[in-house]
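Data block below; observations after.
The values are calculated or read from the model by the stated rules, or taken from the named source; none is laboratory data. Given the structure is predicted, the values throughout are model-derived calculations rather than measurements. Don't worry about glycine lacking a Cβ; one is built from the backbone with ideal geometry, like all the others, and counts go over all protein chains shown. Surface areas here come from the heavy atoms of the whole protein model, side chains and all, with no ligands, DNA or RNA. Shrake-Rupley method; radii C 1.70, N 1.55, O 1.52, S 1.80 Å.
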Amino acid sequence: MDGNVRASLDTSAGPPPIFRGNEGSLVSALKTLLFFTILMVTLPIGLYFTSKAYIFEGAMKMSSSDSYFYAAIVAVLAVHVVLALFVYVAWNEGAPKSKGKHE
């Protein structure tokens, strides 16, 4: 009897089943994170130098020290906008999509 029980346990002792139900959502979440990471690095830096050179020093004819200050404010505002967009997208990512019907 012990041999039969052991044999039946050995055949069912394979690897655990792989649950692939959430792989699509994991890939989607990682793509979203990668997108906002790249945006967080490039947008504030790009806006800093662009606004400093073309807007504050170019169009508004500010001094270099003043343009540093105002360009930094633009970059900080860009960081806050990117963070707010990320929170909004992450919050709504797992929510079911409704078609406007209230049940």
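Brief remarks follow.
- Of the solvent-accessible surface of region 40-103, computed with a 1.4 Å probe and all protein chains present, 71% belongs to carbon and sulfur.
- Peptides 43-56, 85-98, 26-39, 62-75 ordered by average Cβ neighbours within 10 Å, highest first: 43-56, 62-75, 26-39, 85-98
- Under 5 Å, built H, 5+ apart or other chain: amide partners of Met62: Glu57
- For region 34-103, the solvent-accessible area of protein heavy atoms averages 79 Å² per residue (probe radius 1.4 Å; ligands and nucleic acids excluded).
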